[in-house]
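Engineer: Structure incoming, see below.
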């Protein structure tokens, strides 16, 4: 039975998602600021975990953090739009400041290529200044009114990396390093979500990019979610903002640049990849609280006995486990169980008078609801047992998501098969079609080529749409 207040996934997946966000206390709608949400403490704590894990990987690969202005002269975006066909973001403009009309409007950043490009052109002089490897943690605004918490909001939080290189090869190395060693590594190891690493088609790539790469994840409704992108921008943006350097032959060259980013939509990915009809499920490595301890007692005498035991049991946990003792005396144990299940805490430890007498505790794992996920274990060695169980849950969540993706992915050999397969998941097929062919398929099926997987068999085949000989396979799917 689904938990009260949560619509079953099979009945209405979209409403199930919104119910999880609300009932797990992750976010609230900002009615007074249309298109925006408020990150409640539980939701923001998950984002802090994402920030921390990604930031460690970003810095470990030689990048440094900086911060650039929120407001960007409108002329900067126009300069970029003129240079890069298709780059015309819908933006919010600031036209007045200090009670006066501004000489030139500012836009609230939809992304920072323009303002960062301006400063890079000032800072870079010689080949010795390269590569320049900078990341920014920031908020951005894109005029989106169809609010879906964490997935589609007018304002969202993200990181955006912007780097500059001496040549295309170095820019390409950077682009793929970020894709594999930062994004895919983080999403698979911390979020426990398997991803397909791939190249975007010409139709789907970032406007102005030479090449766009992505990681694609499957959600529990079979739809794809783009979990991160990494772009080799070639020299397009360098030419738009005159980012040049003097090479070793004393010749002025335009630089090669990259950009890459992930956002708070990773919280949406976490929810949709792992949660169930009982509520949120958080992978242990990312969980702000990994273990909640619930005392079970009927009177003050039992309470003193149980709390003394809990103090002994948890004495060595600090620094090893992120834990919380729920000693609220105005709520029943059943209410607490329900709350922590709903909020996705990976492990619940229950301690009552009989447990103290037996030297045991009850341990319930969130990824296996009900009696099947509950066991009684000795208090002795409990810390090590919980650490091992957290690692087991982390792996189990990844394995379950991987098995689900495998079950919902199929090779298709005809357009009819493709149309049927995208109703349930990923369609893998050979492709030699045009941009126009892609557009027609999208119009007819609402599915797009999510990526051209980097892992290819090397065996030629027949295009699923045109019948032409094809050398590569692609993934078609409907997406968020």
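Where a number appears in this text, it was derived from the coordinates with a stated rule and is not lab data. What you see is a predicted model; the values in this text were computed from it and never measured. A quick note on method: Cβ atoms are made from the backbone with ideal geometry, for glycine too, and the neighbour counts reach across all protein chains shown.
Engineer: Output the 0 to 90 degree angle, nearest 10, between the alpha-carbon long axis of helix 168-177 and the longest principal axis computed from the alpha carbons of the chain.
Structural biologist: Helix 168-177 sits roughly 10 degrees off the main axis of the chain.
Engineer: Any chance you could run the full-extension gain for residue 320 through residue 247? It's 0.36 nm times the residue separation minus the Cα-Cα distance, nm to one decimal.
Structural biologist: Length gained between residue 320 and residue 247: 21.2 nm.
Engineer: What shape does the range 13-274 have by the C-alpha gyration tensor, where a ≥ b ≥ c are the square roots of the eigenvalues, rounded means a/c under 1.5, and otherwise prolate means a/b greater than b/c and oblate the rest?
Structural biologist: In terms of gyration-tensor shape, oblate.
Engineer: By how many nm would the segment from residue 395 to residue 18 grow when fully extended, if each residue of separation counts as 0.36 nm and the alpha-carbon distance is taken off?
Structural biologist: 133.1 nm
Engineer: Sort 297, 429 so the one with the fewest other Cβ atoms within 10 Å of its own Cβ comes first.
Structural biologist: Fewest to most other Cβ atoms nearby, the residues stand as 297, 429.
Engineer: Can you compute the helix-only [θ] at 222 nm over the chain? Use -39500 (n - 2.57) per DSSP H run of at least 4 residues, normalise by all residues, nearest 500 deg cm²/dmol.
Structural biologist: -10000 deg cm²/dmol
Engineer: In what sequence do 156, 376 fall when counting other Cβ within 10 Å, fewest first?
Structural biologist: Least to most surrounded, the residues fall as 376, 156.
Engineer: What's the angle, to the nearest 10 degrees (0 to 90), between helix 41-60's Cα axis and the longest principal axis of the chain?
Structural biologist: Helix 41-60 sits roughly 50 degrees off the main axis of the chain.
Engineer: Apply the Debye scattering formula to the range 291-387, with a single equal point scatterer on each alpha-carbon and no solvent, then give log10 I(q)/I(0) at q = 0.14 Å⁻¹.
Structural biologist: Result of the Debye calculation: -0.47.
Engineer: Taking the Cβ of each residue in 166, 293, 351, 459 as the centre, tally the other Cβ atoms inside 10 Å and list the residues starting with the fewest.
Structural biologist: In increasing order of surrounding Cβ atoms, one gets 459, 166, 293, 351.
Engineer: Roughly how many nanometres apart are two label points built 7 Å out from the Cα toward the Cβ at residue 125 and residue 402?
Structural biologist: 5.1
Engineer: To continue, here is another question. How far is it, in nm, from the label point at residue 357 to the one at residue 440 when both lie 7 Å from their Cα along the line to the Cβ?
Structural biologist: 7.7
Engineer: Can you tell me the orientation of helix 113-123 relative to the chain, as the angle in degrees between its alpha-carbon axis and the longest Cα principal axis, to the nearest 10?
Structural biologist: Helix 113-123 sits at roughly 70 degrees to that axis.
Engineer: To the nearest 0.05, how large is the calculated FRET efficiency for residue 181 and residue 328 if R₀ is 45 Å and r is the Cβ-Cβ distance?
Structural biologist: The pair residue 181/residue 328 has a calculated efficiency of 0.55.
Engineer: Rounded, prolate or oblate for the chain? Axes are the square roots of the Cα gyration tensor eigenvalues, ordered a ≥ b ≥ c, and the cut-off for rounded is a/c under 1.5.
Structural biologist: Taking the square roots of the gyration eigenvalues as a ≥ b ≥ c, the chain is prolate.
Engineer: Just check the range 271-329 against the gyration tensor rule for me: Cα atoms, a ≥ b ≥ c as the square roots of the eigenvalues, rounded for a/c under 1.5, and otherwise prolate or oblate depending on whether a/b exceeds b/c.
Structural biologist: The shape class here is oblate.
Engineer: Let me ask something additional. Between residue 413 and residue 56, what is the FRET efficiency for a Förster distance of 51 Å, r being their Cβ-Cβ separation, to the nearest 0.05?
Structural biologist: 0.70
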